Amino acid sequence: MSFILLSIDETIATIVLNRPKVNAINETVVEELSECFQKLAIDPNVKAVILTGEGSFFSFGLDVPEFLSYSKDCFTRFLAKFTELLSYIFLYPKPVVAAINGHAIAGGCMLALTCDYRIMVSEKAKISLNEITFGSTVFASATSMLRFWVGGRNAELILYRGEMYLGDDAKMLGLVDEVISKENLYEAARKVAQDFANKDSNAFQSIKMLLRKPVAEEINKREINSILEFVEIWYSEGTQEILEKIKIY
Amino acid sequence: MSFILLSIDETIATIVLNRPKVNAINETVVEELSECFQKLAIDPNVKAVILTGEGSFFSFGLDVPEFLSYSKDCFTRFLAKFTELLSYIFLYPKPVVAAINGHAIAGGCMLALTCDYRIMVSEKAKISLNEITFGSTVFASATSMLRFWVGGRNAELILYRGEMYLGDDAKMLGLVDEVISKENLYEAARKVAQDFANKDSNAFQSIKMLLRKPVAEEINKREINSILEFVEIWYSEGTQEILEKIKIY
Amino acid sequence: MSFILLSIDETIATIVLNRPKVNAINETVVEELSECFQKLAIDPNVKAVILTGEGSFFSFGLDVPEFLSYSKDCFTRFLAKFTELLSYIFLYPKPVVAAINGHAIAGGCMLALTCDYRIMVSEKAKISLNEITFGSTVFASATSMLRFWVGGRNAELILYRGEMYLGDDAKMLGLVDEVISKENLYEAARKVAQDFANKDSNAFQSIKMLLRKPVAEEINKREINSILEFVEIWYSEGTQEILEKIKIY
């Protein structure tokens, strides 16, 4: 794996996004995450997964400069893969805890929203679905998951404004569940993961599916169209102009 | 237009309900609102719309005394038009800000609920879905929009009690987003509208549809039946008796 | 009736679960509750119903020791009856107020969630959907009703943790609407029931159905499968082992 560090400590697996400096998501990151999650799904020793990032970013979101070189078709295919990963983790049979170590922006925030619990560091780090600020829309998965977590009103507030939220504000909005100092983040995430791991895994999975399948079905009905619309807007003149100014290194 | 004042200042259009003294909604008001919103939808200069009222009412809701002279059929046809207007504004392609200048009652509250953002004056004005207090039900659009904004629990509280809420309480319940003094209302609404107008309009519209289309589809499945039931209850003896006591001038 | 006390005072009926010591739900309790609610549904004098329990429990939930002697088939049939009762009360045409006099656990909490309003005593009593703690899943009705009341985020928190909540915490989460001292519980419940009873009953019923039918349809689509899965997990070795340790007398 080039951009993913995986470690397993007793029954808890930790997946670290490690693509310096901002853990931007490209095609390889998505493939490696998918592979990694799939491997852990069938590993009987693994009872819970922690998803976190290396450095000052959880994830910046999509690697915009890299995708600007993609053709429309290739980018569409990539987005299908990315949103499949989102839905896959949203319905992941084991508990997944997001340890949001740093900024979780756009696609990075979406990744965090797939998890069962989000703990975010209290210093500096910001979380945001800021797509609208660079002229981009989002996916059906993003709006449905967001509405599931924060309700319709906060979902509109978050998506229409595209603001960057510190941990405490994000918690008030329902974007994250817990805010903690950076030095205690990993320990806190492990504690939550361990609590999950101690539960009966069949009962956990069944309850998770009961809650999330209705959301997943709504996503499924709308995701392809949302990708096609996303691509149209992404390649529009105005949006391309803004995207070309985005630097990630 | 008899009951609607329309003005456009740079990219912001303002629609003022102006049917003294309480901006009660009759057939002409609905037709003029529809026409006005449709015209603004295709005006490329208009980037956002403010909806407000003249006087001490945003809107009293339906013009009960006038509708008491309607036949069942005519009233049913009117309600189809009114709920179509609600759904049309709920899915309006441009941002709509409700500047709730005064009381927003029943159908008047529903109008406000279609918007993207609600700012309400802090003095005296009350907002309410008080249909139950005069023996009336509501529409599928009202319950679905309300649940979208405030969740199931507050939706039941608001509809079962039919209470009149001052701005601060309405904000706590999620019925409005912001409360401000009357003298600053319009300026605040313009600021919000301007923030919306500055966003990429395709991205905005796409995000709005992703969030609201699932709600609109649920409304669509149920609206006709809800109108038929509304009419049955409206023309029941007990409800007619209460309605006949309602005065609006 | 063996386990149900029914009294009617003017227009308010009160149903008391009375199966010492913990009001555990067995097949007879479900049958008597169904019969009782059905009888009150067609009694024109009854305008609202209060559901409460005798002793220090509202209800412990299912009578685990009794059901351990059931065959899989019989238990499946019982669960179909129990979830039908939940859906029946959730769509009950008259207002139902839960006066949560004591612990409301698992199936007991689900019963409370079907009502239109929940008042809970402030002392000692706890409310919980703690199925996961004894290796059990829940039903589609439980997840859908819970999400309706508390949103997706709190629903996951409540179900994943299986914690026991005192009244004030339950209110913060949205599990109950009001917390009151034990001595004032019944009077408060009567007041709420009376407020409901004073409303136009057709309008009330229509509004309730508009809000809840979409939830009921989602439940209906998933309930049978959720029961089958519930049974599989219930009869798994690990879960049976825990269940066998549960004592209720």
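The values are calculated or read from the model by the stated rules, or taken from the named source; none is laboratory data. Owing to the predicted nature of the structure, the values given are computational and were not obtained by experimental measurement. So basically every Cβ, Gly included, is an ideal-geometry build from the backbone, and we count neighbours across all protein chains shown.
Look at residue C:190 and say whether it is more than 7 Å from every other protein chain (Cβ to nearest Cβ) and out of contact with any strand residue (DSSP E or B) (no Cβ under 7 Å at 6 or more places or on another chain). Criteria not met by residue C:190. Within segment A:30-46, none of the residues are crowded, with 24+ Cβ neighbours inside 10 Å and at pLDDT 95 or above. Looking at residue A:210 and the list (1) crowded, with 21+ Cβ neighbours inside 10 Å; (2) more than 17 Å from the chain's Cα centre (by Cα); (3) more than 27 Å from residue C:222 (Cβ to Cβ); (4) not charged (D, E, K, R), which single condition is not satisfied? Checking residue A:210 against (1) crowded, with 21+ Cβ neighbours inside 10 Å; (2) more than 17 Å from the chain's Cα centre (by Cα); (3) more than 27 Å from residue C:222 (Cβ to Cβ); (4) not charged (D, E, K, R), the one that fails is (3). For segment A:52-63, state whether one or more residues are at pLDDT below 95, surrounded by fewer than 20 Cβ atoms within 10 Å (Cβ to Cβ) and either in contact with a Ser or Thr (Cβ under 6 Å, 6 or more places away or on another chain) or under 17 Å from residue A:164 (Cβ atoms) (or both). No, that holds for no residue.
Taken over segment A:179-202, the residue count meeting the criterion of being buried (at least 21 other Cβ atoms within 10 Å of the Cβ) and closer than 17 Å to residue A:166 by Cα is 2. Scanning segment A:20-38 for residues that are in contact with a strand residue (DSSP E or B) (Cβ under 8 Å, 6 or more places away or on another chain) and without any contact (Cβ under 8 Å) to a residue 40 or more places away in the chain gives A:29, A:32, A:36. Which of the residues belonging to segment B:25-64 are assigned to a strand (DSSP E or B) and closer than 21 Å to residue B:128 by Cβ? Passing the criteria: B:25, B:51, B:52, B:53, B:57, B:58, B:59, B:61, B:62. Considering B:174, B:152, the condition of being of a type outside the set (Ser, Thr, Tyr), buried (at least 19 other Cβ atoms within 10 Å of the Cβ) and on the phi > 0 side of the Ramachandran plot is satisfied by B:174 alone.
Taking residue C:114, is it within 14 Å of chain A (Cβ to nearest Cβ) and either without any contact (Cβ under 8 Å) to a residue 60 or more places away in the chain or touching a helix residue (DSSP H, G or I) at 6+ places or on another chain (Cβ under 6 Å) (or both)? Against the criterion (within 14 Å of chain A (Cβ to nearest Cβ) and either without any contact (Cβ under 8 Å) to a residue 60 or more places away in the chain or touching a helix residue (DSSP H, G or I) at 6+ places or on another chain (Cβ under 6 Å) (or both)), residue C:114 does not qualify. Summed over segment C:121-135, residues that are closer than 15 Å to residue C:60 by Cα and either among the acidic types (Asp, Glu) or not in a helix (DSSP H, G or I) (or both) total 8. Listed by position, the helices (runs of 4 or more DSSP H) inside segment B:163-246 whose residues that are modelled with pLDDT of 95 or more and more than 30 Å from residue B:64 (Cα to Cα) number at least 3 are B:182-198, B:201-234. Looking only at residues of segment B:67-83 that are of a type outside the set (Phe, Trp, Tyr) and touching a residue at least 24 places away in the same chain (Cβ under 8 Å), we find that the one that is surrounded by the fewest Cβ atoms within 10 Å (Cβ to Cβ) is B:72. Just wondering, is there one or more residues in segment C:83-105 that are of a type in the set (Gly, Ala, Ser), under 10 Å from the mean Cα position of the chain (by Cα) and on the phi > 0 side of the Ramachandran plot? So far as segment C:83-105 goes, no, none of its residues is of a type in the set (Gly, Ala, Ser), under 10 Å from the mean Cα position of the chain (by Cα) and on the phi > 0 side of the Ramachandran plot. Of (1) under 17 Å from the mean Cα position of the chain (by Cα); (2) over 24 Å from residue B:220 (Cβ atoms), residue B:7 satisfies all except one. Which? Unmet for residue B:7, out of (1) under 17 Å from the mean Cα position of the chain (by Cα); (2) over 24 Å from residue B:220 (Cβ atoms): (1). Checked against (1) in contact (Cβ under 8 Å) with a residue 40 or more places away in the chain; (2) touching a Ser or Thr at 6+ places or on another chain (Cβ under 6 Å); (3) farther than 24 Å from residue C:53 by Cα, residue C:212 passes all but condition (2). Candidates in segment B:214-230 are the residues that are more than 8 Å from chain C (Cβ to nearest Cβ) and in contact with a Leu (Cβ under 7 Å, 6 or more places away or on another chain); of these, the one that is farthest from residue B:105 (Cα to Cα) is B:216.
Just wondering, is there one or more residues in segment A:14-24 that are outside any strand (DSSP E or B) and closer than 26 Å to residue A:147 by Cα? Within segment A:14-24, one or more residues are outside any strand (DSSP E or B) and closer than 26 Å to residue A:147 by Cα. Here segment C:142-162 is the region considered, the condition is being aliphatic (A, V, I, L, M) and closer than 18 Å to residue A:198 by Cβ, and the residue that is nearest to the other protein chains (Cβ to nearest Cβ) is C:159.
Taking the criterion of being more than 12 Å from every other protein chain (Cβ to nearest Cβ) and either more than 13 Å from the chain's Cα centre (by Cα) or modelled with pLDDT under 95 (or both), the residues of segment C:121-141 that qualify are C:121, C:122, C:123, C:124, C:125, C:126. In the set C:245, C:182, only one residue is farther than 22 Å from residue C:155 by Cβ and within 21 Å of the chain's Cα centre (by Cα); that residue is C:182.
Residue A:89 falls short of the stated requirement of being in a strand (DSSP E or B), modelled with pLDDT of 95 or more and not polar (S, T, N, Q).
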